[in-house]
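Quick notes on the structure that follows.
The values are calculated or read from the model by the stated rules, or taken from the named source; none is laboratory data. Fair warning: this is a prediction, and the values are worked out from it, not measured in the lab. Neighbour counts are summed over all protein chains in view; Cβ atoms, including those assigned to glycine, are modelled from backbone coordinates with ideal geometry. When the accessible area is computed, the model is the full protein with side chains, heavy atoms only, and any ligands, DNA or RNA have been set aside. Shrake-Rupley method; radii C 1.70, N 1.55, O 1.52, S 1.80 Å.
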Amino acid sequence: MLYIAEIGVKCPNCGVKFSSRQLPVLFDTGYRNSELRQDFKGQIQQMEHYAVVTCPSCGRADWSSSFEPTAEQTVLTQPNMPSHLQFRAAAIAGERQGRDFYNVGLFYLHAAWCADDVHAEPQAREYRKFASDAFRKSLVDVSCPVARRPEIEYLIGELLRRAGEFESARTHFNEVLPRLSGRFAMMARKLIRLCESRTIEAIDFESIGG
Ligand SMILES: [Zn+2]
């Protein structure tokens with residue numbers, strides 16, 4: 001079971017204080033799937049649902065870390081809204097404010113994962129396309145950290161495959177393969193084969209020799 005805490009926070013946009021539901025302790029098993037998501041295999045609930053917070057007053061949706069904790073008493077609570085819709089709202093706001101596309105991509109990626117968990121398949125497919133598009137732009141506006149570029153180039157292809165865009169995914173993988181190394185190159189080759197068999201499911205992310 002995850003320990004979920006009620007944490008009082010202050011909205012950085014409108015200043016309203018409210019109570020949010022967050023995870024004070026995060027786990028990392030080191031295990032990832034082919035989309036680089038930490039997967040607890042149903043042992044415990046996925047944590048991403050608590051990484052987004054929405055202000056009940058102005059509607060601002062953002063990473064929970066962008067809302068400063070407050071010790072003051074709060075009467076308002078975070079709206080009870082599916083987390084994938086909160087991440088979607090954060091992504092749309094990010095695009096509108098011209099925020100870096102790397103962040104927009106991460107919001108859509110999290111939206112897709114949260115949509116998967118509630119079996120919102122059409123939305124998940126849509127978010128994956130938006131995420132791959134935003135990540136592509138993040139390589140151009142250089143908001144993608146340099147150290148993350150190989151991972152993001154790999155992920156763009158995997159998002160396209162999981163959105164059912166097999167042709168685009170395969171073309172993308174073939175284009176970036178010469179720039180990938182180690183585990184990412186090995187995984188990309190595997191995923192190209194999955195594009196050919198038109199499979200959209202995630203597989204384990206394997207480490208070399210593992
Ligand atoms: Zn607000």
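Yes or no: segment 131-139 includes at least one residue that is of a type in the set (A, V, I, L, M, F, W, C) and over 21 Å from residue 51 (Cα atoms).
yes
Rundown of residues vs (1) among the small types (Gly, Ala, Ser); (2) surrounded by 15 or more Cβ atoms within 10 Å (Cβ to Cβ); (3) away from the ligand (no atom under 16 Å from the Cβ), yes/no style:
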residue: 7; (1), (2), (3): no, yes, no
residue: 24; (1), (2), (3): no, no, yes
residue: 41; (1), (2), (3): no, no, yes
residue: 44; (1), (2), (3): no, no, yes
residue: 64; (1), (2), (3): yes, yes, no
residue: 75; (1), (2), (3): no, no, no
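Looking at residue 29, is it assigned to a loop (DSSP other than H, G, I, E, B), open to solvent by 20 Å² or more (accessible area, probe 1.4 Å) and away from the ligand (no atom under 16 Å from the Cβ)?
It is true that residue 29 is assigned to a loop (DSSP other than H, G, I, E, B), open to solvent by 20 Å² or more (accessible area, probe 1.4 Å) and away from the ligand (no atom under 16 Å from the Cβ).
Within segment 64-79, can one find any residue that is assigned to a loop (DSSP other than H, G, I, E, B) and within 20 Å of the chain's Cα centre (by Cα)?
Yes.
Please go through segment 9-22 and give me each residue that is away from the ligand (no atom under 16 Å from the Cβ) and not charged (D, E, K, R), ordered by number.
Correct list: 22 only.
Check segment 18-35 and report whether any residue there is in contact with a helix residue (DSSP H, G or I) (Cβ under 7 Å, 6 or more places away or on another chain), among the hydrophobic types (A, V, I, L, M, F, W, C) and in contact (Cβ under 8 Å) with a residue 12 or more places away in the chain.
Checked against the condition, which is being in contact with a helix residue (DSSP H, G or I) (Cβ under 7 Å, 6 or more places away or on another chain), among the hydrophobic types (A, V, I, L, M, F, W, C) and in contact (Cβ under 8 Å) with a residue 12 or more places away in the chain, segment 18-35 yields at least one hit.
Residue 53 passes all but one of (1) within 16 Å of the ligand (Cβ to nearest atom); (2) assigned to a helix (DSSP H, G or I); (3) under 15 Å from the mean Cα position of the chain (by Cα); (4) not acidic (Asp, Glu); which number fails?
Of everything listed in (1) within 16 Å of the ligand (Cβ to nearest atom); (2) assigned to a helix (DSSP H, G or I); (3) under 15 Å from the mean Cα position of the chain (by Cα); (4) not acidic (Asp, Glu), residue 53 misses just condition (2).
Look through 107, 87, 101 and report the one residue that is aromatic (Phe, Trp, Tyr) and open to solvent by 30 Å² or more (accessible area, probe 1.4 Å). Spell out the reasoning first.
Values: 107 fails: open to solvent by 30 Å² or more (accessible area, probe 1.4 Å); 87 fails: open to solvent by 30 Å² or more (accessible area, probe 1.4 Å).
Of the residues listed, the single one that is aromatic (Phe, Trp, Tyr) and open to solvent by 30 Å² or more (accessible area, probe 1.4 Å) is 101.
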